[in-house]
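Report on the structure given below.
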Amino acid sequence: MKETSKSPPDLKPSDELSAMRRALLAWYDDGGRTLPWRVRPEDRAKGITPDPYAVWLSEIMLQQTTVPHATPYWRKFLARFPTVTDLAQADRDEVLAMWAGLGYYARARNLHKCAGVVADDHDGVFPLTETALLKLPGIGAYTAATIAAICHDEATTIVDGNVERVISRIFMVQTPLPKGKSDLRALAAALSDPTLDGFERPGDYGQAVMDLGATVCTPRSPTCGLCPWSGDCAAKAAGVQTDYPKKTPKKKLPVRHGAAFVLRSGDAVLLHRRPDTGLLGGMMGFPGTEWGPKPKDDVIRAAEPTPRNWEQSAVEVRHVFTHFELRLSVFHSEIAAELRGEATGDVAIWAPLDRIKDYALPTVMTKVLKAAH
DNA sequence: CAGCCGTGGAT
DNA sequence: TATCCAAGGCT
């Protein structure tokens, strides 16, 4: 025993950790979920390995996003871009348009950038080591560890929200998130320690822990009766499962106000391209005011794309972002085709309504369009 | 390193 | 209606 080791409190003995791993893999082999990007254990045993490009695509889409929401996007992307080279050669605008509705649009910008790096610097072949993956844009600690484990069974330590919840309950970690992340990582690493005892399936193990968190060890009402680690869980023993993970309380969202202008001409509407960085970066939107703490009529008038008689929609658009709630007044007007002016430049675009899906309209702007009805 | 960055579903 | 939060990354 190394007394100099700074291992977290209450780490279990190594033979119990090994037993837990075997129990989890048995549970996974028995009832593992079928996901379209996943190679099932029995196929894995035959030597079938997943397409790293398809796995990468799924992992980027699944960041802070539910499986049901991401899955149709994953199918659509894989059909349109069968290889990473196909994705790299696409226009970024098309990628952003296909991503519209998924949120966290920096992911889409980095996705396209990453495809370019893989195509240019790696001959279109995805790197497979955790270290190499970590250098790519949009790939952080979680995604690098997961792709490396799933695609070639590198014995990485995977820590996502599911793992944090499961581990925090097993060991009753007291330090609230996000500060407690380092403790949780250390405990997760101990459980997936490759030097311990026959850890030959890191990919299946990682997917199994995440499945456990997603389907059994859920945030609100965990079904501990189905859990292979039920007997190893300190929180279960104490009957305090849902008290974990401890988290620091969140602040209430501030409200911001603004106005948007929907200018229609025949079958087209006027769109503006948003700046490349920041909120909804690179996406399209309707011209309008800045979004500030208070609604101001003079600011609204100054933001009109062209002086007209604007009709105000009866209902304002309400939309919740990650760090504020937005309330948008919507104004709309119709203009003759001759008066459209120069609006086919890089920033302003007349978009035909019957092809609006080809434009990178985020959900909030889709709500604005509907409100202008 | 704490704040920024979307959306939709469940409770 | 209010709250949480989902296979996080970047700055």
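The values are calculated or read from the model by the stated rules, or taken from the named source; none is laboratory data. Quick caveat, the model's predicted, so the values are computed rather than measured. Because the Cβ atoms are built from the backbone with ideal geometry, glycine has one as well, and the counts that use them run over all protein chains shown. Just so you know, the surface numbers come from the protein's heavy atoms only, side chains and all, with ligands and any DNA or RNA stripped out. Shrake-Rupley method; radii C 1.70, N 1.55, O 1.52, S 1.80 Å.
Karplus-derived 3J(HN,Hα) values for the range A:101-113, using 6.51 cos²θ - 1.76 cosθ + 1.60 with θ = phi - 60°, are x, 7, x, 6, 5, 4, 4, 5, 5, 5, 4, 5, 5 Hz; glycine and proline are entered as x.
Taking every DSSP beta bridge that has both ends in the range A:255-371, the antiparallel portion is near 65%.
Taking all protein chains as they are arranged and a probe of 1.4 Å, the heavy atoms of A:His152 leave approximately 80 Å² accessible to solvent. For the range A:255-371, averaging the sequence separation of C-alpha pairs within contact (under 8 Å, six or more residues apart) and dividing by the residue count gives a relative contact order of 38 percent. For A:Val255, nonlocal amide neighbours, meaning residues 5 or more places apart or on other chains whose placed amide H falls under 5 Å from its own, are A:Glu325. For the pair the range A:257-308 and the range A:23-59, the centres of their Cα atoms are 45 angstrom apart. The angle between the Cα long axis of helix A:181-191 and the main principal axis of chain A comes to about 40°, on a 0 to 90 degree scale. Here the ratio of the Cα radius of gyration of the range A:14-243 to 2.2 N^0.38 Å is 1.04.
Against the compact-protein benchmark of 2.2 N^0.38 Å, the Cα-based radius of gyration of the range A:149-200 scales to 1.19. Helix A:141-152 and the longest principal axis of the C-alpha atoms of chain A enclose an angle of approximately 60°. Cross-link reach is defined here as a Cα-Cα straight distance under 18 Å, omitting same-chain residues fewer than 8 places apart; for A:Lys12 the aspartates and glutamates meeting it are A:Glu3, A:Glu164, A:Asp183, A:Asp193, A:Asp197, A:Asp232. Counting only DSSP beta bridges with both residues in chain A, the antiparallel share comes to about 60 percent. With loop membership from DSSP and a limit of 15 other Cβ atoms within 10 Å, the longest segment of chain A without chymotrypsin sites (Phe, Trp or Tyr not before Pro) is A:105-320.
The equivalent ellipsoid that matches the C-alpha gyration tensor of the range A:255-371 spans semi-axes of 21, 17, 13 angstrom, in descending order.
Listed cross-link partners A:Lys181/A:Lys247; A:Lys252/A:Lys294; A:Lys76/A:Lys135; A:Lys179/A:Lys246; A:Lys252/A:Lys296; A:Lys179/A:Lys251 are compared with a 21 Å cut-off, the Cα-Cα value being larger for A:Lys76/A:Lys135; A:Lys252/A:Lys296.
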